[in-house]
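Chemist: Once you've had a glance at the structure underneath, I'll fire off some questions.
The values are calculated or read from the model by the stated rules, or taken from the named source; none is laboratory data. Values in this document were obtained by computation on a predicted structure and should not be read as measured data. Cβ atoms come from the backbone with ideal geometry, glycine included; neighbour counts cover every protein chain shown. We work out accessible area using only protein heavy atoms, side chains counted, and drop any ligands, DNA or RNA first. Shrake-Rupley method; radii C 1.70, N 1.55, O 1.52, S 1.80 Å.
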Amino acid sequence: MINFEKRGHIGIMTIDRPKALNALNTETLNEIYETAQNIAKDEELRCLIITGAGKAFVAGADIAEMKDLTKEEGLEFGRRGHRAFCAIENLEIPVIAAVNGFALGGGCELALCADIRIASEKAKFGQPEVGLGITPGFGGTQRLMRTVNRAHAIGLILTGKIINAEKALEIGLVTKVVPPEQLMDEAMAIASMIAANAPIAVRNAKKAMRIRYLDKLPEDLEEESRLFGDCFETEDQRMAMTAFVEKTEKSPFKGK
């Protein structure tokens with residue numbers, strides 16, 4: 001599910017489930033974690049780029065796998081996502097998300113683990129989980145609030161609204177928007193600038209800038225997992241995810 005290549009001091013990790021729009025299932029999350037562990041051990045790498053194969057960055061978590069989870073299984077699935085994403089976030093080298101298309105739900109949450117996010121003009125961002133009867137479960141309630149203005153984060157999460165790349169730039173979710181054909185060239189140019197600098201200084205600068213950001217994040221992520229898991233014992237979650245998978249119209253939510 002994950003392709004990894006090295007170009008000199010730069011690593012490129014590609015989420016590669018294009019037929020599923022790179023949706024995150026258990027296997028993919030495990031491979032992200034394992035790839036991040038290997039990257040952390042590679043002393044030659046100075047920067048990592050993450051992107052998606054096909055027309056999506058990551059369209060979200062795999063709803064087909066999630067729809068029948070129990071509360072306990074939902075909790076564990078959320079924790080598995082946190083393990084994978086924290087492994088990316090905690091890398092000592094800078095991480096660039098080259099967002100080539102849909103970055104929804106888990107995809108937006110993965111992009112939030114990067115230090116720099118650049119987007120194709122075709123990119124779409126959002127946390128649409130509430131429309132499926134669940135909360136964001138892979139860090140969205142915490143990292144989005146730590147990345148953009150509080151009001152924007154609350155609005156995106158509570159409405160489930162999907163925004164385009166220009167709006168993402170406006171609210172500070174991404175740092176640059178480029179034509180699709182220029183995305184990887186731009187990501188490589190930024191990565192090359194980073195890789196040309198003193199490696200220890202770059203790593204220490206990243207560590208210093210993240211001290212306050214990471215304060216209490218592990219505890220907050222665990223609480224997010226608990227609340228995410230709670231949603232999997234509701235009728236609303238089962239109805240909405242079944243409708244999504246079966247491509248039928250959702251019934252009105254009942255609050256049960």
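Chemist: Name every residue in the stretch 65-83 that is without any contact (Cβ under 8 Å) to a residue 60 or more places away in the chain and either of a type in the set (Gly, Ala, Ser) or open to solvent by less than 10 Å² (accessible area, probe 1.4 Å) (or both), in order of residue number.
Modeler: Gly81
Chemist: Moving on to the next point. Among the residues of the stretch 55-79, what is the count of those that are more than 13 Å from the chain's Cα centre (by Cα) and farther than 20 Å from Val130 by Cα?
Modeler: The qualifying residues number 1.
Chemist: For residues that are outside any helix (DSSP H, G or I), of a type in the set (Val, Ile, Thr) and farther than 19 Å from Ala114 by Cα, tally how many sit in the stretch 145-162. Steps first, please.
Modeler: Of the stretch 145-162, the ones outside any helix (DSSP H, G or I) are 148-149, 160-162.
Narrowing the set further to residues that are of a type in the set (Val, Ile, Thr) leaves 148, 162.
Restricting the remaining residues to those that are farther than 19 Å from Ala114 by Cα gives 162.
Within the stretch 145-162, residues that are outside any helix (DSSP H, G or I), of a type in the set (Val, Ile, Thr) and farther than 19 Å from Ala114 by Cα number 1.
Chemist: Sort through Met209, Met239 and tell me the only one that's open to solvent by 40 Å² or more (accessible area, probe 1.4 Å) and in contact (Cβ under 8 Å) with a residue 24 or more places away in the chain.
Modeler: Working: Met209 fails: in contact (Cβ under 8 Å) with a residue 24 or more places away in the chain.
Met239 is the lone residue from the list that is open to solvent by 40 Å² or more (accessible area, probe 1.4 Å) and in contact (Cβ under 8 Å) with a residue 24 or more places away in the chain.
Chemist: State yes or no: is Arg117 over 30 Å from Met239 (Cα atoms), open to solvent by 10 Å² or more (accessible area, probe 1.4 Å), touching a Leu at 6+ places or on another chain (Cβ under 9 Å) and in contact (Cβ under 8 Å) with a residue 60 or more places away in the chain?
Modeler: Working: over 30 Å from Met239 (Cα atoms): yes; open to solvent by 10 Å² or more (accessible area, probe 1.4 Å): yes; touching a Leu at 6+ places or on another chain (Cβ under 9 Å): yes; in contact (Cβ under 8 Å) with a residue 60 or more places away in the chain: no.
The answer is no for Arg117.
Chemist: Taking the residues in the stretch 84-106 that are part of a helix (DSSP H, G or I) and open to solvent by 10 Å² or more (accessible area, probe 1.4 Å) as candidates, determine which candidate is nearest to Glu43 (Cα to Cα). Can you show your working first?
Modeler: Taking the stretch 84-106 first, the residues part of a helix (DSSP H, G or I) are 84-89, 106.
When the remaining residues are screened for being open to solvent by 10 Å² or more (accessible area, probe 1.4 Å), the result is 86-87.
On the way: Cys86: 19, Ala87: 16 Å.
Result: Ala87.
Chemist: Mind counting the residues in the stretch 123-144 that are part of a helix (DSSP H, G or I) and open to solvent by 10 Å² or more (accessible area, probe 1.4 Å)? Talk me through it step by step, then tell me what you get.
Modeler: Initially, the stretch 123-144 is screened for residues part of a helix (DSSP H, G or I), giving 129-132, 140-144.
From what is left, the residues that are open to solvent by 10 Å² or more (accessible area, probe 1.4 Å) are 129-132, 141-142.
Residues flagged as part of a helix (DSSP H, G or I) and open to solvent by 10 Å² or more (accessible area, probe 1.4 Å) within the stretch 123-144 amount to 6.
Chemist: How many residues does the stretch 161-202 contain that are in contact with a helix residue (DSSP H, G or I) (Cβ under 9 Å, 6 or more places away or on another chain) and of a type in the set (Lys, Arg)?
Modeler: Count: 2.
Chemist: Which residues, taken from the stretch 149-162, are open to solvent by 10 Å² or more (accessible area, probe 1.4 Å) and hydrophobic (A, V, I, L, M, F, W, C)? Full working, then the answer.
Modeler: So the first thing to find is which residues in the stretch 149-162 are open to solvent by 10 Å² or more (accessible area, probe 1.4 Å), and the list is 149-152, 154-162.
Answer for the stretch 149-162, where residues must be open to solvent by 10 Å² or more (accessible area, probe 1.4 Å) and hydrophobic (A, V, I, L, M, F, W, C): Ala151, Ile154, Leu156, Ile157, Leu158, Ile162.
Chemist: Under the condition of being touching a helix residue (DSSP H, G or I) at 6+ places or on another chain (Cβ under 6 Å) and without any contact (Cβ under 8 Å) to a residue 40 or more places away in the chain, which residue from the stretch 1-10 is surrounded by the fewest Cβ atoms within 10 Å (Cβ to Cβ)? Steps first, please.
Modeler: Looking only at the stretch 1-10, we keep the residues that are touching a helix residue (DSSP H, G or I) at 6+ places or on another chain (Cβ under 6 Å), and these are 1-2, 4, 9-10.
If we keep only those that are without any contact (Cβ under 8 Å) to a residue 40 or more places away in the chain as well, we get 1-2, 4.
Details: Met1: 19, Ile2: 19, Phe4: 15.
Only one residue tops the list, namely Phe4.
Chemist: How many residues are over 14 Å from Ala114 (Cα atoms), open to solvent by less than 20 Å² (accessible area, probe 1.4 Å) and assigned to a helix (DSSP H, G or I) when one looks only at the stretch 36-56?
Modeler: Residues that pass the stated criteria total 1.
Chemist: Evaluate the following for Ala59: is it open to solvent by 40 Å² or more (accessible area, probe 1.4 Å) and of a type in the set (A, V, I, L, M, F, W, C)?
Modeler: On the way: open to solvent by 40 Å² or more (accessible area, probe 1.4 Å): no; of a type in the set (A, V, I, L, M, F, W, C): yes.
No: the conditions fail for Ala59.
Chemist: For the stretch 171-196, how many residues are part of a loop (DSSP other than H, G, I, E, B), surrounded by fewer than 16 Cβ atoms within 10 Å (Cβ to Cβ) and out of contact with any Lys or Arg (no Cβ under 8 Å at 6 or more places or on another chain)? Talk me through it step by step, then tell me what you get.
Modeler: Filtering the stretch 171-196 for residues part of a loop (DSSP other than H, G, I, E, B) gives 171-175, 179, 196.
Narrowing further to those that are surrounded by fewer than 16 Cβ atoms within 10 Å (Cβ to Cβ): 172, 175, 179, 196.
If we keep only those that are out of contact with any Lys or Arg (no Cβ under 8 Å at 6 or more places or on another chain) as well, we get 172, 179, 196.
Number satisfying all stated conditions: 3.
Chemist: For the stretch 13-35: of the residues being open to solvent by less than 50 Å² (accessible area, probe 1.4 Å) and part of a helix (DSSP H, G or I), which is farthest from Cys113 (Cα to Cα)? Spell out how you get there, then give the answer.
Modeler: Within the stretch 13-35, the subset open to solvent by less than 50 Å² (accessible area, probe 1.4 Å) is 13-15, 17, 20, 22-26, 28-32, 35.
Okay, now just the ones that are also part of a helix (DSSP H, G or I), so 20, 26, 28-32, 35.
Numbers: Ala20: 22, Thr26: 18, Thr28: 16, Leu29: 14, Asn30: 16, Glu31: 16, Ile32: 12, Thr35: 15 Å.
It comes out as Ala20.
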